[in-house]
Structures are given as C-alpha cells and as structure tokens.
Amino acid sequence: GDSVTQMEGPVTLSEEAFLTINCTYTATGYPSLFWYVQYPGEGLQLLLKATKADDKGSNKGFEATYRKETTSFHLEKGSVQVSDSAVYFCALSEGSGNTGKLIFGQGTTLQVKP
Amino acid sequence: NAGVTQTPKFRILKIGQSMTLQCTQDMNHNYMYWYRQDPGMGLKLIYYSVGAGITDKGEVPNGYNVSRSTTEDFPLRLELAAPSQTSVYFCASKEYSNQPQHFGDGTRLSIL
C-alpha cells in the first residue's frame with residue numbers, strides 16, 4: 001500500500017541555519033503531497049502542498065518540490081527561526097478512489113536554538 | 001469562524017468505561033476523518049466519512065464506532081476503553097477529495 005517515510009528526528013539547528021527534512025513516498029496513481037506542521041499542544045496545520053509532478057509548494061519561507069522521478073518531497077527553508085520549532089509531517093493523499101484519505105509519515109521534530 | 005471543534009480537550013477514563021469524542025465543523029465540508037496520534041508516530045486513520053450517512057473504516061478501527069447523521073457532526077465512540085486506546089485523537093474535515101484537510105486541536109485521552 002501507499003506509504004510515506006520521513007527522516008528521523010529530532011533535528012536541532014541554530015537560528016538562521018538552513019533546514020532540510022527529507023520525505024520519500026511510495027504510491028500507486030498520482031497522489032497529492034502535503035507538509036503539515038504541529039506546534040506544541042495544537043492540531044495540524046497545512047504548511048504547503050503540491051498536486052502534480054514538478055509542482056513547488058511554498059509558504060512562510062518553506063518550500064518543497066514534488067519529484068516524481070525520485071518519489072520525494074523534501075521540505076526546505078533557507079533561514080530557520082526559533083518560532084519554527086515544531087513537528088513536521090509529510091503526507092500524501094491517495095490518488096485512487098475518492099476518499100481523500102491521507103497517509104502520514106511519522107513526523108520530524110525540529111528544535112531551533114537562539 | 002470556528003473551523004473544526006473537538007470536545008473535550010482532555011479526558012481520563014477507567015478501563016471498561018465508554019465515552020464519545022465530539023467533532024463538529026462549520027465549513028459545510030463533506031469529508032470528515034478521525035485519527036489517533038501515538039507518541040513519536042504519525043497519525044493513523046480510524047474512521048472516515050465522505051458525506052452524511054456514509055462511514056467507512058480506516059487503518060485502525062477496532063474498538064471504535066462512528067456515526068454521521070449530519071454534515072456538521074462526526075462523533076467517535078469508545079465502547080469499552082482499553083489502555084491501548086490512550087492517545088491523542090484528531091478530527092479533520094475537507095470540502096473536496098483533492099483539497100487539504102483542516103484539523104481540530106485534538107482530544108488527549110488517557111485510560112487507566
């Protein structure tokens with residue numbers, strides 16, 4: 001079945017450092033891909049999305065490109081801030097059927113130190 | 001604009017008790033979902049609904065039940081609480097199949 005694999009965390013960076021969180025997927029069909037962020041004690045919020053190959057999603061300085069050839073959707077940010085500390089989830093929506101179900105990776109905790 | 005509202009935020013149950021986790025959305029979304037999040041894990045789908053009167057099992061449905069009598073509400077029922085059901089539960093909704101899901105703030109449930 002479909003699956004999503006994220007890099008193990010936690011990731012600890014200093015403020016203004018470059019961030020990459022790796023995400024690869026296995027899917028049949030043509031899924032949409034998402035990054036969600038979860039701040040402590042809160043629900044998940046959509047960070048960005050891409051719906052087809054070579055699409056680039058971007059929001060709040062974060063970017064991710066849908067790479068079909070490498071089945072990847074890595075999250076990047078050029079300069080992280082302390083306020084970016086959170087758990088980041090990569091997810092895909094099933095391309096087949098009409099359920100809109102999401103398959104999540106296990107999440108990567110990011111801690112940014114001043 | 002409330003979005004997806006979950007109640008209660010926290011609850012402690014004894015083994016064998018039952019309870020209902022409430023979820024309501026005011027966005028007139030057709031699709032609704034229940035997930036559980038265990039420490040260090042991603043979210044696992046429990047049940048989902050593509051419209052009022054229609055529900056289906058997700059990846060981990062055992063020990064849970066749902067109903068969808070209205071578009072707005074999608075309650076999750078635990079009949080005989082077990083320690084393995086200690087988790088954080090999230091409800092989500094979306095308008096169309098290819099749109100992103102909107103999440104509630106979660107219900108933290110402990111079963112002792």
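The values are calculated or read from the model by the stated rules, or taken from the named source; none is laboratory data. Treat the numbers as computed from the prediction; the structure is a model and nothing was measured. A quick note on method: Cβ atoms are made from the backbone with ideal geometry, for glycine too, and the neighbour counts reach across all protein chains shown. For accessibility, only protein heavy atoms count, side chains too; no ligands or nucleic acids. Shrake-Rupley method; radii C 1.70, N 1.55, O 1.52, S 1.80 Å.
With no solvent and one equal point scatterer per Cα, compute the Debye intensity ratio I(q)/I(0) for chain B at 0.09, 0.11, 0.14, 0.21 Å⁻¹ and report its log10, rounded to two decimals.
For chain B at q = 0.09, 0.11, 0.14, 0.21 Å⁻¹, log10 I(q)/I(0) is -0.20, -0.31, -0.50, -1.13.
Report in % the part of the accessible area of segment A:17-114 that belongs to carbon and sulfur, leaving out ligands and nucleic acids; probe 1.4 Å.
48
What does the accessible area per residue of the protein assembly as shown come to in Å², with a 1.4 Å probe and no ligands, DNA or RNA counted?
48
Which translational diffusion coefficient, to the nearest whole µm²/s, is obtained for chain A from the Stokes-Einstein equation, given a Kirkwood hydrodynamic radius over C-alpha pairs, 4 °C and 1.567 mPa s? Before the final figure, lay out the partial values.
Working: Rh = 14.1 Å.
D, rounded to a whole number, is 92 µm²/s.
If you place +1 on the Cβ of every Lys and Arg, -1 on the Cβ of every Asp and Glu, and leave all else neutral, what size is the dipole of chain B about its Cα centre, to the nearest 20 Debye?
Values: 10 positive and 9 negative charges, 69 e Å.
Dipole of chain B, to the nearest 20 debye: 340 debye.
Work out the charge dipole of the protein assembly as shown with +1 on the Cβ of Lys and Arg and -1 on the Cβ of Asp and Glu about the Cα centre, then indicate which of A:L47, A:S32, B:C23 is farthest towards its positive end.
Farthest along the dipole direction, towards plus: B:C23.
Could you state how much accessible area is buried at the A-B interface, both sides summed, with a 1.4 Å probe, in Å² to the nearest 100? Working shown, then result.
Details: alone 6120 and 6160 Å², together 10740 Å².
Chains A and B together bury roughly 1600 Å² of accessible area.
Could you please state, rounded to a whole Å, how far the C-alpha centre of segment B:43-77 is from the C-alpha centre of segment A:1-55?
Here the two parts' Cα centres lie 25 Å apart.
Let me confirm one metric for peptide B:42-55, namely the mean number of other chain beta-carbon atoms within 10 Å of its residues' beta-carbons. Walk me through the numbers before you get to the answer.
Working: counts 12, 11, 2, 5, 0, 0, 4, 1, 5, 0, 0, 0, 0, 0.
Across B:42-55, the average partner-chain Cβ count within 10 Å equals 3.
If each Cα of the protein assembly as shown is one equal point scatterer, what is log10 of I(q)/I(0) from the Debye formula at q = 0.14 Å⁻¹?
Cα-only, vacuum Debye calculation for the protein assembly as shown: -0.87.
So what J values fall out for segment B:53-66 if you push phi through Karplus, 6.51 cos²θ - 1.76 cosθ + 1.60 with θ = phi - 60°, rounded to Hz, Gly and Pro as x?
For segment B:53-66, the Karplus curve yields x, 10, 9, 8, 6, x, 7, 10, x, 5, x, 10, 9, 9 Hz.
Report relative contact order for chain B in percent, whole number only (criteria: Cα-Cα under 8 Å, sequence separation at least 6). Please list the in-between numbers first.
Working: 292 pairs, mean separation 40.2, N = 112.
Normalised by residue count, the contact order of chain B is 36 percent.
By average Cβ neighbour count within 10 Å, what is the ranking of A:66-75, B:8-17, B:85-94, A:102-111 from highest down? Write out the running numbers ahead of the final one.
On the way: A:66-75: 16.9, B:8-17: 12.0, B:85-94: 22.5, A:102-111: 20.7.
Descending mean neighbour count gives B:85-94, A:102-111, A:66-75, B:8-17.
For peptide A:30-38, compute the average count of partner chain beta-carbon atoms within 10 Å of each residue's beta-carbon. Let's see the in-between values first.
Values: counts 0, 1, 4, 0, 2, 0, 4, 0, 5.
Whole-number average of other-chain Cβ neighbours for A:30-38 is 2.
Over chain A, what is the mean sequence separation of C-alpha contacts under 8 Å (at least six apart), divided by residue count, expressed as relative contact order in percent? Mind dumping the intermediate values first?
Working: 304 pairs, mean separation 41.6, N = 114.
Relative CO of chain A lands at 36 percent.
Run the numbers on segment B:71-112: which residues show a drop of 30 Å² or more in accessible area, chain on its own versus all protein chains together, using a 1.4 Å probe over heavy atoms?
B:F90, B:S97, B:N98, B:P100, B:Q101, B:F103, B:D105
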